[in-house]
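Chemist: Just dropping this structure here.
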Amino acid sequence: MRTTKWNRNRMVAVMIAALILNASGCSNGPPEFHQPPVRVVVTTTMIADMVQRVGGERVLVDTLMGPGVDPHRYQPTAGDRKKLENAHLVFYNGLHLEGKMADLFAKNWGRYRAYAVTAGLTPADLLPADVDGGECDPHVWFDVRLWARCIPPVASALAELDPAGRSYYEANAAAYQKELDELDRAIRAELAQVPPAKRKLVTSHDAFRYFGAAYQFEVRGLQGVSTASETSTKDRIELAQYLSEHQIPAVFTETSVPDEGLKAVLDTCHRDYGHTVKLIGGETALFSDSLGGPGTPAGTYAGMIRHNVRVIVSALGN
Ligand SMILES: [Zn+2]
């Protein structure tokens, strides 16, 4: 059964994480901060970009989950323990994106001083993870305006540790928020090229529901909000039916999720329903839970959003 296996996988992950993160046995606080750089450890590349933009030259950012890494299945390593031991601050996404790793950050408060960047969002901002309610969908970065609201808490946490840098952090945060407001306007204009009837975004996993809510797309993932669940034949047949029924021309693979499942759906769709669907992947795969490599066009948050929007408009637009 799906849930049992999922729970078992999570339990194993938690036990390994607990062993690694607690192995030092020390109960010392974080290293004392005297002067910049502030040593910051973050979980995802999206958060790394945000902290770097706000912290500028006063921070040194170390990322636990690099480009292409799937956070839902991530298991901390011994190297991560070392990074965490030396960190003044830790920023993570929260909303269970990092699984039980977040509970460990909270438990080790005092040792790591960890902040969830989504902590300031309200229940009204958030989407449930599944139709039954339950946990919240963690992929908030796909609504650019919502992600921009995660910036001020980062500036506050940095300023609390490094008060001499307060005005610097606040000015950087304001500039970054302005940039993201402009990005939001620019992508709305670009997405207007996709007619309402064609606004159906099908991907490997359900990472794009905030994108769908913010920019009026119907979204559907083969896997759920987490990649840690497994898909069944029933899931694949239902998705093939949906693609054929709505004559959807293309589906999108993601850089951090294997695409075998989607390929199987397209085979079913072609064989059983006579509807051929294009698989958008390779260079044009969507970035979902991680940015592109450093120095590449999708290596920043804004670049990643622009890449995704360009790919979506070119595949679904007129
Ligand atoms: Zn995800």
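Chemist: Between Rg and the Kirkwood Rh of segment 164-210, both from Cα atoms, what is the Rg to Rh ratio?
Modeler: Working: Rg = 16.7 Å, Rh = 13.7 Å.
Reported Rg/Rh, Kirkwood definition of Rh: 1.22.
Chemist: A follow-up question, please. Within a Cβ distance under 11 Å of LEU222, other residues only, what is the Lys/Arg minus Asp/Glu net charge? Please list the in-between numbers first.
Modeler: Details: positive: ARG220, ARG236, LYS263; negative: ASP206, GLU230, ASP235, GLU238, GLU254, ASP259, GLU260.
Within the 11 Å Cβ shell, the charges total -4.
Chemist: Using the number of other C-beta atoms within 10 angstrom as an exposure proxy, rank SER156, SER314, SER288, SER226 with the fewest first. Mind dumping the intermediate values first?
Modeler: Details: SER156 16, SER314 13, SER288 26, SER226 23.
In increasing order of surrounding Cβ atoms, one gets SER314, SER156, SER226, SER288.
Chemist: Rounded to the nearest 0.05, what FRET efficiency do ALA106 and HIS34 give with R0 = 25 Å and r taken as the Cβ-Cβ distance? Could you check?
Modeler: Details: r = 26 Å, r/R0 = 1.05.
So, using R0 = 25 Å, E works out to roughly 0.45.
Chemist: When only alpha-carbon atoms count, how far does the chain stretch along each of its three principal axes, as whole angstroms with the largest first?
Modeler: So the three principal-axis extents are 66, 44, 35 Å.
Chemist: Let me ask you something else. Mind checking the full-extension length gain between LEU161 and ALA192? Use 0.36 nm per residue of separation minus the Cα-Cα distance, one decimal, nm. Could the numbers behind the result be given before it?
Modeler: On the way: separation 31, 0.36 × 31 = 11.16 nm, distance 4.32 nm.
Here the answer is 6.8 nm.
Chemist: Using Cα positions and a limit of under 16 Å, work out the lysines in reach of LYS234, with same-chain residues fewer than 8 apart set aside.
Modeler: Within the straight-line cut-off, LYS234 pairs with LYS263.
Chemist: Continuing with this model, one more query. Within a Cβ distance under 15 Å of ARG310, other residues only, what is the Lys/Arg minus Asp/Glu net charge? If you can, show how the numbers build up before the last one.
Modeler: Working: positive: ARG188, ARG306; negative: GLU190, GLU283.
Computed value for this residue: 0.
Chemist: So if each residue of separation counts as 0.36 nm, and I subtract the Cα-Cα distance between ALA171 and ALA213, what length gain in nm does that give? Don't skip to the answer; put the middle values down first.
Modeler: Values: separation 42, 0.36 × 42 = 15.12 nm, distance 3.00 nm.
Residue separation times 0.36 nm, minus the Cα-Cα distance, leaves 12.1 nm.
Chemist: For a footprinting-style exposure proxy, rank SER244, SER232 by other Cβ within 10 Å, fewest first. Let's see the in-between values first.
Modeler: On the way: SER244 18, SER232 10.
Fewest to most other Cβ atoms nearby, the residues stand as SER232, SER244.
Chemist: Quick check: net charge around ASP162, other residues with Cβ under 14 Å of its Cβ, Lys/Arg +1 and Asp/Glu -1?
Modeler: Working: positive: ARG39, ARG58, ARG113, ARG166; negative: GLU32, GLU57, GLU160, GLU170.
After counting each charged neighbour, the total is 0.
Chemist: From the Cα gyration tensor of segment 65-191, with a ≥ b ≥ c the square roots of its eigenvalues, which class applies: rounded if a/c is under 1.5, or else prolate if a/b is larger than b/c, or else oblate?
Modeler: Numbers: a/c = 1.78, a/b = 1.11, b/c = 1.61.
Since a/c reaches 1.5 but b/c is at least a/b, the shape of segment 65-191 is classed as oblate.
Chemist: Please arrange LYS198, LYS234 by how many other C-beta atoms lie within 10 Å of their C-beta, fewest to most.
Modeler: On the way: LYS198 18, LYS234 8.
Ascending number of Cβ neighbours within 10 Å: LYS234, LYS198.
Read the figures in this text as sums done on the coordinates, not as results from a lab. Small disclaimer: the values here were computed from a predicted structure and weren't measured. Methodologically, a virtual Cβ is constructed for each residue, glycine included, from the backbone with ideal geometry; neighbour enumeration extends over all protein chains shown.
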